[in-house]
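No lab work stands behind these numbers, since they all come straight from the coordinates. Model, not experiment: these values are computed from the prediction. For neighbour counting, all protein chains shown are included, and Cβ atoms are generated from backbone atoms with ideal geometry for every residue, glycine included.
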Amino acid sequence: MNAISGRVVLKESGVGIPDLLVVLFSAAPQVGAASATAFRVSVLTKADGSFEVTYDDVDFACGDAKDRRPHLQINVLAPEEPGVPPQTQLLYSAAAPRENAGRTEQYIVRITTAQLQKAGISVPSEISADLEPAPSVVGRLNALVARQAGIVDGAVSAARQLVDAHRARVAGFHTNFQPALVSAVSKLPVAPLNPERIVGPNDSVHGKMVAVAHQGIADTINSDSPAKRAPARGFISLTPSQLAELKTHADANGVVAAAAVAKIAAGNGATARTTYVQALDRLPPCCPTTPSIDCADSLFDPPAPPVDPGAPPPAPGDTAIGSTDVPRFLGRLMEPLTAPEEQLVVGLMPVATRDTVQSSIEGFTFDPSPADVPAFHDFNSLQIAFDYVWQEAIDQGVLDLAQNAYETIVELGGTPDHPDYKGMHPLRGLTAEGNLVMKANATPTVVVRDHRGEPPGTRLPPPASPPGGQGFGTSTSTCASASVRGPTVRDHRTSVTNPVAIDDPVMRLPALLQALNKKLLENYSFTIYGANAQERSVNFGILNTFRQKWTPLAYQAGPLVKSIPLAPKQTQKLVITRKTTKKRSTKELENNLRVLKDETSSTNRAEQDITKKASTNTSFTFSNEAKGDYEVGSDTSTTTFKQDAAKSTDDTKKSFREAVFKAAQEFKHEKTTEINTEETSSDESVETTEISNPNDEIAVTYLFYELQRRYRLFERLYRVQPVVLVAQEFPRPEDIDESWLVRHDWILRRAILDDSFLPVLENIAATAGDEIALDEMRLNVSQQRCIVSELRQELAIATQQATAQRQLMDAVVYHRSGASSGGGILGGIEHVVSDVAGAVEKVGEFVFGGPADQNGSNRQALQERANDAADQVRDVLFRLEREVTALNALTETYTKALREHNNHLTEIARLQVHIKDNIMYYMQAIWGHEPPDQRYFRLHNTPIPDLTPTVQSYRVKFDGPLTMSAAPPHASLPRFGGSTAKLFPVESVTKFDTQFTFKPLSQVADLDRLLGFKGNYAIFPLLESNALTDFMMDPYVDRATGQLLDPSDPVNWSIDEFSEYVCCLKKKLTAEELQTLRPQLDAIYQAILTNPLRDDDVLVVPTNSLFIEALPATHTLLERFKLDHRMIDVKKAEAEAREKELDNVRRAARILAGERGDPHVDKKILIEGGGNFVVPTGDQ
C-alpha cells in the first residue's frame, strides 16, 4: 500500500486552504512530461487544507520495465468555473517530479494571498466560522441572542417567583414583627407628646425642622397669649428730652414704633445690631491706675497744697512729778509685801481655762492677706427660639439579627407570628418559637459540652478538609494522612464567627438568638437632635452668662480634728495625714489632664473645685474657655419663650448658688484629715514633727482644729450673646466598632473617663497583627501535632516489629527444643505474621537447617537485624520526645497568646459598651478636636432660616419710672456726664413672617469660634444679631443705650460692691459732690438692706491647714513641799524685783534733789587746795 498526503496552506498565516484540487500523476523524468501510461489521481483539500491519497502497486503501470517506482508530479488547481480558461486555474505546479517515489510521500504547498485573490478564492481565516456566509452568521447570531434572552428571562422569572415566594413567607416580619420590635426596643414613649417633632426613619430632617419652625412662629412667637409666650419685658433709659420726644410717637396704649427707639439709640451711640452685650464696670473712678494715669491726673486735677501740721501736741497721760510724789510711790511698792508663809498675791495656777479656750475658738478670726483677690466663675443659661427636633438611632444590627432569626425560623417550619405569642415582647416570642423549632429539628446525636460552653443541642460541624491536598500552611489542622490526623487546634476566630455565615439553619438559629440577646445587653439606641450626613436641624438662641464673684473673707476655726493630751515634760511624735476622697469621674478627669500638661496649667484652689463640681451637677454639656486673669466655671440651662426673662434670671442664679452650696457641703464631707500618734523611735519620716509639754507640773491637751475660709458670693448677669445651634450627625450604635475606635483613639485617650481603658486604646491597632500571628502559631501547632502523631505511629510500628522479631526467635528456639512456647509468645506476633507456624518453620530452617558455619552466620545476621530494630525504636523514641517537647512549648506559647488575645477582645467589647453608654460625652470631645477649617468646610453650606419681622414695636410705661437709675450715681455729676436718665418699664412686641428664606451658615455664624455643645447641638456665635435674637435679647438690653440690664434687678448692687463704691466716692469726690449724691446713695443702700432676696451670701470652705490651741490642766502634779518651795522662790524673785523698783525710786529722788552724779560710785575723794598730793594704793 502506498500513501501520499500533505497540506495546502496560506503562505502569510499558515492557515489551511480548503476545496482546492490537488492532482498527482506519474511524470517522465523531464519536468512536466507525462507518459501515455502515466499514473494520475486527484483529490480535494479538506477544511484544514490537508489531502491524502492511497493506492496499490497494481494501480501503477510503468511504460519502462526498468521503472519500478513512479516519478510523482503535483499540481494544485483552483475550482472550475464557466468561462474561465484552464490555464488560469493552475495555482501551483512542482518544479521537478519526485523520481522513484517511496511508498509514503508528503507535501506541504504554500500559496500566497495574491494568488488566491487573483483566482477569485476567499482568503481562509483561522476561525472556521469565518468561512460561513455573513447572512447565515447574522441569522445564527440573532437566534443565539433570542435563545439567550429567553433563557435569561426564564431564569429571572423563576428567580423572581422564588424570591416572591420567600418574600411572601417572611412578609410578616416587615408588616407585623419589625414595627412591633422597633416599638418594643425604642426608648421613646408609646404616645409622645409632640410626635410632629420626632424625625422618623423616612422623614427629612430639614423638612421637619422647617415645619416645626413655622409652627413655633405661628403658635408661640407671634402669639399674644401669655400662656404661650411670656411678655418680653425689660427697661429703657430715657432723659427728659428723650422721654418727651418718644411720647410724641406713642399711641394711646404707649406703643412706640421700633424706628423711634432706634433713633434715640443712634443718638446715644448704640448700634442696631451687635455680636454680644456685656456688663460695664461700675467703679471706673476707683480702677487701679498706672504711672501715666497718675501723671495725667496730677496735671488736670492737681492735689491741694500740703498743710503744715506744726508742733505735735503733748500725748495724753504725760504729767510732771515732784519730790512730794516719792512717798506715794514707796507706799505702792511696799503695800503688797507679805511674810514668806503667806499666800502669793499672784497665783501659780494656769491662766487659760476651758471657758477661755472655748471663747478663743469661737472668736478666732484673722483677716485675709493682701494677696487674696476675688475669683470669678462663669455659668451660662441657654435660651432656645424654636422647639427641638428629635431623632432616635436604633442599632440596625439588632433589626438585622432579628430578621435573620425570623427567616431561619420560617425556613425550619416555624411561625414567629403565632397567636400564642400575642401580647408578648417580640424578642421573647421569637426566642420561644426558636427553641420550639430547634427541639423539633433536633437529631438524636450525643453532644458533649466543651470548654467553650456551646449550649446543649448544638451540632458542632466536623473540621472541613482543605481542597487540593493537605500540608503545612493550610487553614485546617490535618496531617498528611487521615490515619495520623492530630487533634483539632482551637481557632482564635471561633468566638467572633458571624452567625449569618453558618449554612446549617439548625446551627445558625441558636447562634443568631445568642448574638441578638447579647446585642440587647448593650446600649442599642440613642436619642439626639435631628441630624444626618446630608441634613441637620438648626436653632437660634441667646447665651446668658452669669458671673459669680467669690470675695475671700476672714479665716475661722473649723471642726475639732484631733486632741492629744501630754503629761508634764512628755514629747510625742506627730504624723499628719491628709486624705481627699473624690468621686470617680472627677478623679479620672483630673488624672487624664496629664495628657495636656504641656498645654494647660491649673491651681488647687478649693473654690475652683467647688464651682467645677457645681457646674457638673447642674450641666456638664457646655464648655467655657477662660481668657484673662480669672478662673471660669460653666453651667448650662435651657429656657424657652414660655418663661418670663426676669424669673428666668432669678431662677438661674438661685439654682447655681444652691449647686455651689451643695458642692461645698460635699467638698467638706470629702475632705478628711487624720492625725495619728506614735512613740518616739529612730524610724522617722520627713512628714513627722514633734510636740512636747514644757511644763513639769501640769498636763496640757493640744487641740487640732481645721482652718476654714469664708467667702462672700455674688452673682450678676455678665454677658448676653446671640448664638446659632447646629445639630451634628451622630454615629449609629452599630457603627461603633473596632474601626471606629482606631479612627478616634487619639481623642479617646485624652478624654477617657476611666484609666483602665487606656491600655486597650494603646493596643487596639495591633489586633489585626495579633490575628495574623495567632493564625501562623495555630498552623505551627497543628503541624507539630501531626509530626508527633506520625512519630507515635512510627514508634508503634517499630516497636511491634522489634517485638515480633524477638518473639519469633524465641518461638524458633522453643520449637527446636521441643518445649511448649506458650500462647504469650506466639500470640504477640499473630497480628504481624499471618502464618505463624510457617514463619517459625522457615526461620528454624534458616537458622538450624544448614551447615554449622552457615547456621552461625545466619544467627548472627538475625541478631544484628534485631539490634537494628531496637536501635530504630530508641531513635524514634528520642525523636518523639524532642518533638513532644517542642509541641509543648508551641502549645504553651499559643495558649498564652490566645488567652491574651481573647482577653484583649473582651476589653475591646467592654470599651465599646463604655463608649455607647457615654456616647454624648465622647462625641463632644471628638467634635471639639475637629480642626476649625475642617469644621468650616463641613458646615458652611448648612441652610439657616432668615426671618423677617412684620411687626416691631415697644410698649413703654411712661407713668411708672423706677426710683433708681441703671447708671451709677456719680454719672449724674457734671464732670462725669451729668446723666439724668430714668428707667422705664418696656415690653417688646415683635411678630415674624411664617414664610422665610435661607442663608448659608458661613454668612450667619463665626464657625471658627465653637462656644460649646448642648447635646449634639454645636453652639456658634452669630456674626451679627438678627431680628429673632434681638427680640429674645430685648428683656436684657436697654434699647436706648445698648447696655446690659438684668430684668430681675436692673440696679443689682451687692453690699460689698456698694460699700467699696461709697468708699471710692469718698476718696475721689469733693465734699459738695458727695453731699449732692447722698440722697441717691441712701436710697440704694436702703434698697439693698430691705431686699428680701439678697444676691450675696457667705460660704464656708475647708482648707488644707490646721491650727493648734493648748488647754492646760486645772490640777498640778507637784507635791505640796515642792509647791511651797516654789512659792518661796517666787517671793524671793518678788523681793529682788521690789529691790530694783526701790532703787529706781531712790534714783528719781536724787534727780529731784538736784543730784546728777553717778549713783553707782561707791567712794568719792575730794581734794581741796593746791600742792602735791599722793593717792593711796588701792584707791586708783
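On a full-extension model of 0.36 nm per residue, what is the gain between Arg328 and Glu738, subtracting their alpha-carbon distance, rounded to one decimal in nm?
Numbers: separation 410, 0.36 × 410 = 147.60 nm, distance 10.18 nm.
Working it through step by step, the gained length comes to 137.4 nm.
For the ranges 1155-1165, 140-150, 506-516, 550-560, what's the packing order if you count other beta-carbon atoms within 10 Å of each residue, average per peptide, and put the highest first?
For the peptides 1155-1165, 140-150, 506-516, 550-560, the packing ranking is 506-516, 550-560, 140-150, 1155-1165.
Students often get this wrong, so check it: of Lys569/Lys1132; Lys187/Lys422; Lys208/Lys1014; Lys957/Lys1014, which have C-alpha atoms separated by over 27 Å?
Those over the limit are Lys957/Lys1014.
Quick one: if you stick a label point 7 Å off each Cα along the C-beta vector at Thr275 and Ala252, how many nm between them?
So the two model labels end up 4.7 nm from each other.
Net charge near Ala798: determine it from the other residues with C-beta under 14 Å of the C-beta of Ala798, scoring Lys and Arg +1 and Asp and Glu -1. All intermediate terms of the calculation are to be shown ahead of the outcome.
Details: positive: Arg792, Arg806, Arg865, Arg874, Arg879; negative: Glu790, Glu794, Asp868, Asp871, Asp875.
Value of the local net charge: 0.
PRE reach from Asn498 (point 7 Å along Cα→Cβ): which of the range 760-803 fall under 18 Å by backbone N?
Correct set: 768.
Report the calculated FRET efficiency for Leu44 and Asn142 (r = Cβ-Cβ distance, R0 = 41 Å), to the nearest 0.05.
So, using R0 = 41 Å, E works out to roughly 0.80.
Per residue of the range 97-105, what does 6.51 cos²θ - 1.76 cosθ + 1.60 with θ = phi - 60° give for ³J(HN,Hα)? Whole Hz please, x for Gly and Pro, Karplus curve as stated.
So the Karplus estimates, Gly and Pro as x, are x, 8, 6, 6, 4, x, 6, 10, 10 Hz.
Between Asn532 and Asp775, what FRET efficiency follows from the Cβ-Cβ distance if R0 is 45 Å, with the result rounded to 0.05?
Calculated value: 0.70.
To the nearest 20 Debye, how big is the dipole of the range 1011-1081 about its Cα centre, given +1 on the beta carbon of each Lys and Arg and -1 on that of each Asp and Glu?
The dipole magnitude comes to about 160 debye.
If you take every residue apart from Val726 with its C-beta less than 15 Å away from the C-beta of Val726, what net charge results, scoring Lys and Arg +1 and Asp and Glu -1? Write out the running numbers ahead of the final one.
Values: positive: Arg536, Arg935, Arg938, Lys999, Arg1009, Lys1014; negative: Glu535, Glu729, Glu930, Asp1006, Asp1008.
Within the 15 Å Cβ shell, the charges total +1.
What is the ratio of the Cα radius of gyration of the range 177-268 to 2.2 N^0.38 Å, where N is its residue count, to two decimals?
In units of the globular-protein estimate, the range 177-268 measures up at 1.91.
If you count, for each residue, the other Cβ atoms within 10 Å and average over each peptide, how do 227-240, 787-800 line up from highest to lowest?
Going from most to least packed, we get 227-240, 787-800.
Figure the gain on full extension for Leu560 and Tyr936 (residue separation times 0.36 nm, minus the Cα-Cα span) and round it to one decimal in nm.
Net length gain for the segment: 129.6 nm.
Using 7 Å Cα-to-Cβ label points, what is the Leu1118/Asn435 separation (nm, one decimal)?
For the pair Leu1118/Asn435, the computed spacing is 9.1 nm.
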